[in-house]
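The values are calculated or read from the model by the stated rules, or taken from the named source; none is laboratory data. Being a predicted model, the structure only gives us computed values, none of them experimental. Using ideal geometry, Cβ is built from the backbone for each residue, glycine included, and neighbour counts are taken over all protein chains shown.
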Amino acid sequence: MSTLTVLLVLDLIGIFAFALDGSLTAVRTARVDIVGVMSLGVITAIGGGIIRDVLLGVTPATFQDWRYLVTALAGATLAFFLSGQLSQLTKPILLFDAAGLSLFVVIGATKAMELGFGPLQATILGVITGVGGGTIRDVLLNRVPTVLSANSHLYAVPAALGAGFVVVVSVFGFGAGWVAVVGAVLCFVVRVLALRYRWNAPSPPGAPPL
Amino acid sequence: MSTLTVLLVLDLIGIFAFALDGSLTAVRTARVDIVGVMSLGVITAIGGGIIRDVLLGVTPATFQDWRYLVTALAGATLAFFLSGQLSQLTKPILLFDAAGLSLFVVIGATKAMELGFGPLQATILGVITGVGGGTIRDVLLNRVPTVLSANSHLYAVPAALGAGFVVVVSVFGFGAGWVAVVGAVLCFVVRVLALRYRWNAPSPPGAPPL
Amino acid sequence: MSTLTVLLVLDLIGIFAFALDGSLTAVRTARVDIVGVMSLGVITAIGGGIIRDVLLGVTPATFQDWRYLVTALAGATLAFFLSGQLSQLTKPILLFDAAGLSLFVVIGATKAMELGFGPLQATILGVITGVGGGTIRDVLLNRVPTVLSANSHLYAVPAALGAGFVVVVSVFGFGAGWVAVVGAVLCFVVRVLALRYRWNAPSPPGAPPL
C-alpha cells in the first residue's frame, strides 16, 4: 500500500475509535438524547482534524471525502445502540481513545510537514489533531478537558512523543508509511503504560495539595 | 425579488431573531453586564454563519457586509433595554430561536451546495449554521448546549429536515428562493410542534432513567 | 524602528504577558498538571490572534513565525516554576492581563485594517484579538469568561476604546507605530483605572439584583 493509503486507513480507524469514545463518554457523563450522542461522537472523531485543517488554511478533509463522515456516523451509531452494554466499561473507552489519539497525532504532524510548516509547529499541530476532538467534546459536556487535568495520566505527553518522532524522522528525510505506524505505536504504548501504572505529569509548585 | 435578495432578507431576519434570543438568554441565565448581553446576542446571531464560512474556507459574510453586524447589534440593543419586560417570557425567546434556526439552516445548506460541497456535507453545514451560534452561547454561559440535551424537544431534528429538504430539492435541479422558504417553514413548524407537544428524540439505551 | 518592527515587539511582549497570565490563572483556579499550565498559558497568549487570523482568512501568524510560540512557551514555563510565589498574587496577573489586552487590540485592529476590512469589523476584530485568548482559557477552565461577567471592571470597554482609536486615526490616514502605542496606552490606562476604582459597565434592567 502507498503511504497515502496507509494514512487514510489509519485515519478512518482513528475516526471510528474516537466516535465510539466520544459517544460512550456522552452517555456516561450527561443527559443527552440520540442527537447528543451522535453529535458528540462525530465531533470527537472529526473535531481535531477540523481544527488542524482550519489552522493549516485548507478545506477540512472531513468535508471533502464522504468516507470520514460516514465512518464517524457508523461509530457513533454503534455506540448508541450498544451503550447499555458498553457505557459502564471504562477500559474499552480508554483504549479506543488511546488508539484514536495515536493515529491522529501522526497524521496531523505528517500533514503539517507536507504543507511546509516548521518542525515545532508540525508537532503542535499533530498534538492538536489528537487532543482537539476530545477537548471540544469535554467543553460541550461542560467539564475541564481531560488533557489539561492533573489526573490525565500523561495524555498530551505520548501525543507529543508520537508527533515529535514523526517530525524528527521526516526532517532527516525518511518519510514513509512505516514512520507513521511506528510513531502511532510509540504514542499508544506510552499512553497505555501511563494508564496502567497511573503515571502523571508533575503539578505546578504553586498548586494546592491533592 | 431575486433568490439572492430573498436569502439576504431571510438571513437578516434570522440574525435579528437570534440576537434577541441570545441576549435574553444571557440576561436570564447568568450575571452579565451590557458587554455580556451585547456580545452573547451578537455571537448567537453570527456564530453559526461564521463557523460555516470558516469550514467552507471563505471569509465570513459577517465581516464583509456591515448589515449583518448592524442587524445583530440592533437586536441585542433592543433586548438589553427590554430585558426587564422580556426576560421572564420564555415563549417569545423560543419562537425567536425557532425562527432563527429555520432561516439559518436553509441558508447554510444553500451556500454549501453553491460552493460545490456534497449533499451530506451541505446538510450538516446547514445544521451547523443553525445550531452553531446557540452552541457557542451555551458554552460561554457554561452550560451543556441545548441542542445536545435529552430535553431539547428535537431541536436538531427539524434543522436536519429543513436543510435536507433544501439539499434534496437542489440535487434535483430546483434551486430558487421558494425552496428556501418552504425548507424554513418545514423546520419552523416541526420545531414549534415539538415544543408544543413536548416531543423528544429517543435517549440511548445505556442512559440512566430520568 | 519601522512600524512593522514596533508591532512585532509589542506583539511578543503581549504574548509573554498573556502567557504568564494564562498559566497563573490555570494554577489558581483548577487542578492542572504541567501540560495544563503550559497549554493554558500558550492558548491564552496565541488564541486571540489565531481566532483573528482565521476570521481574516490568513494563516495564523503563530504558525508562520517560530518566535511567537517560543515566547509563549517561555512565559508559560516561567509561570510554571514561579507559580508557588506568584499564583496567590492577583495584582500582577491583572497587570499582565491588562498589558496583553492593550497590545493585542491595537495589533488586531491594525492587521484587519491593513487587510482591507471595514472600520466596524476592524474594531471588533481588534477586540476579539484582545479578549479571545482569555475567553478560550476561561471556557477550558469551565467558567463564564471574565469579559462577559457583570463584575469584569469594564474589560471589553477599554479594548474597544483602544481598537477604535487606532481605527479612527487610520481612517484619517495616520498609520504609524506611534498610533499603536497611543492606542495601547489608552486601553491600558482605562483598564487599570477601572480595576482601581471598581468601575463596572451597566447591567441589563431585567437582571436580578446583585
> Of the residues that make up region A:172-186, is at least one within 14 Å of chain C (Cβ to nearest Cβ), of a type in the set (A, V, I, L, M, F, W, C) and surrounded by fewer than 21 Cβ atoms within 10 Å (Cβ to Cβ)?
Replying inline: no
> Of these, B:74, B:45, which one is touching a residue at least 12 places away in the same chain (Cβ under 8 Å), among the aliphatic types (A, V, I, L, M) and crowded, with 18+ Cβ neighbours inside 10 Å?
Replying inline: B:45
> For region A:13-61, how many residues meet the condition of being within 27 Å of residue C:64 (Cα to Cα), acidic (Asp, Glu) and under 12 Å from the mean Cα position of the chain (by Cα)?
Replying inline: 0
> Among (1) more than 15 Å from the chain's Cα centre (by Cα); (2) touching a residue at least 24 places away in the same chain (Cβ under 8 Å); (3) closer than 28 Å to residue A:150 by Cα, where does residue C:93 come up short?
Replying inline: (1)
> Scanning for something aliphatic (A, V, I, L, M) and touching a Leu at 6+ places or on another chain (Cβ under 9 Å), does region A:60-68 turn up at least one residue?
Replying inline: no
>> It is to be established whether one or more residues within region B:149-160 are modelled with pLDDT under 95 and out of contact with any helix residue (DSSP H, G or I) (no Cβ under 8 Å at 6 or more places or on another chain).
In response: yes
> Among B:198, B:143, which is on the phi < 0 side of the Ramachandran plot and in a loop (DSSP other than H, G, I, E, B)?
Replying inline: B:143
> Pairs under 6 Å by beta carbon, first residue without any contact (Cβ under 8 Å) to a residue 24 or more places away in the chain in region B:18-35, partner not in a helix (DSSP H, G or I), six or more apart or different chains?
Replying inline: B:31/C:150; B:32/C:150; B:33/C:150; B:33/C:201; B:33/C:203; B:35/C:201
>> Go through (1) over 21 Å from residue A:25 (Cβ atoms); (2) surrounded by fewer than 22 Cβ atoms within 10 Å (Cβ to Cβ) for residue A:63 and report which single condition fails.
In response: (2)
> Yes or no: residue A:100 touching a residue at least 60 places away in the same chain (Cβ under 8 Å), under 23 Å from residue B:54 (Cα atoms) and either in contact with a Cys (Cβ under 8 Å, 6 or more places away or on another chain) or surrounded by 24 or more Cβ atoms within 10 Å (Cβ to Cβ) (or both)?
Replying inline: no
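Every residue, every condition in (1) hydrophobic (A, V, I, L, M, F, W, C); (2) assigned to a helix (DSSP H, G or I); (3) out of contact with any strand residue (DSSP E or B) (no Cβ under 7 Å at 6 or more places or on another chain), yes or no:
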site	(1), (2), (3)
C:51	yes, yes, yes
C:62	no, yes, yes
C:78	yes, yes, yes
C:92	no, yes, yes
C:112	yes, yes, yes
C:117	yes, no, yes
>> Please go through region A:142-164 and give me each residue that is facing chain C (nearest Cβ under 10 Å) and in contact (Cβ under 8 Å) with a residue 60 or more places away in the chain, ordered by number.
In response: A:142, A:143, A:150
> Of the residues in region A:28-49, how many are in a loop (DSSP other than H, G, I, E, B) and either within 22 Å of residue B:56 (Cβ to Cβ) or not hydrophobic (A, V, I, L, M, F, W, C) (or both)?
Replying inline: 2
> Of the residues that make up region A:119-136, is at least one at pLDDT below 90 and either in contact with a helix residue (DSSP H, G or I) (Cβ under 6 Å, 6 or more places away or on another chain) or in a strand (DSSP E or B) (or both)?
Replying inline: no
> Taking residue B:82 and the conditions (1) in contact (Cβ under 8 Å) with a residue 24 or more places away in the chain; (2) assigned to a helix (DSSP H, G or I), which numbered condition does it fall short on, given that it satisfies the others?
Replying inline: (1)
> Which of (1) over 24 Å from residue C:57 (Cβ atoms); (2) free of Cβ contacts under 8 Å to residues at least 40 places away in the same chain; (3) surrounded by 24 or more Cβ atoms within 10 Å (Cβ to Cβ); (4) more than 7 Å from chain B (Cβ to nearest Cβ) is the odd one out, the single condition residue C:127 does not satisfy?
Replying inline: (1)
